[in-house]
Amino acid sequence: MSVNTLKETNKLLASFVPPASFTDEEQEPLNTSVQLHRHNIADEISERTFQDVSLCYQCGKCSSGCPVRYYMDIAPNKVVRLIQLGFYEEALKSSTPWLCAGCQTCSARCPKEFDLAKFMDAVREIAIEKGIEVKEKNILKFHKAFLDQIKSHGRSYEAGLVAEYKMKTLDLLQDVDSAPGMYLKGKLAILPHNIKDRKGVKSIFKKTSGK
Ligand code: SF4
Ligand code: SF4
């Protein structure tokens, strides 16, 4: 390195102002309510999913393979980043966790073996528990209708799911023309196929909902 270049480099380094370090006390996420900020949601997600949220090193491989990324407002890896940095409200209000199909492509692709599908599940549950207004209101209704079927039958029951979803949204004609084709292909059973241990499933719901 020439003397001139060295001088220029030193000058540049001297003018460089390092970013303020984030400590838990100093960190002040934008637009984040005090109540949410005080609560460490990153730790809560880590506990609920049995994996450390800080494992994710933001390579973006998950988002590049996500089949519904196009419809999301924030890329899936960026939701993880928001949580890591304490921008909880932004993460919990995002439509991304609600549009996540739980396909687990991201989890299978992650070089850090971070289960992002599980992470999205925890974000959804925390958003509901904290009364965060969900952008995708009908998806929340779908989510609840789906869980109700699992609770009642121990597995998904599509006809019950459709009926409950339509009652909740009052959008009775949406996708109604798909029903005959789905029925003929065996995708829409008229009667539910209950599992044997439905009581066991109900008790899991009871335990996990804290009731
Ligand atoms: S693939 Fe894994 S490590 Fe990479 S950004 Fe996604 S979650 Fe993070
Ligand atoms: S689980 Fe969700 S975030 Fe992950 S690839 Fe599938 S849709 Fe995308």
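Quick look at the values:
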{"read-out": "The range 73-128 - Kirkwood radius from inverse mean 1/r over Cα pairs (Å)", "value": "11.2"}
{"read-out": "Label point distance in nm, Y70-A101, each placed 7 Å from Cα along Cα→Cβ", "value": "1.1"}
{"read-out": "Reduced Cα scattering model of the range 27-135, Debye log10 I(q)/I(0), q = 0.17 Å⁻¹", "value": "-0.72"}
{"read-out": "Radius ratio Rg over Rh of the range 136-211, counting only Cα atoms, Kirkwood formula for Rh", "value": "1.02"}
{"read-out": "21 Å tail of the calculated P(r), the range 68-182, as % of Cα pairs", "value": "45"}
{"read-out": "Inter-centroid distance (Cα atoms) of the range 100-133 relative to the range 181-211, Å", "value": "22"}
{"read-out": "Cα gyration tensor shape of the range 169-208, rounded if a/c is under 1.5, else prolate or oblate by comparing a/b with b/c", "value": "oblate"}
{"read-out": "Listed residue pairs exceeding 19 Å between alpha carbons, taken from K141/K166; K93/K141; K166/K207; K168/K202; K78/K112; K61/K118", "value": "K166/K207; K168/K202"}
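Where a number appears in this text, it was derived from the coordinates with a stated rule and is not lab data. Owing to the predicted nature of the structure, the values given are computational and were not obtained by experimental measurement. Reconstructed Cβ throughout: ideal geometry from the backbone, glycine too, with neighbour counts over all protein chains shown.
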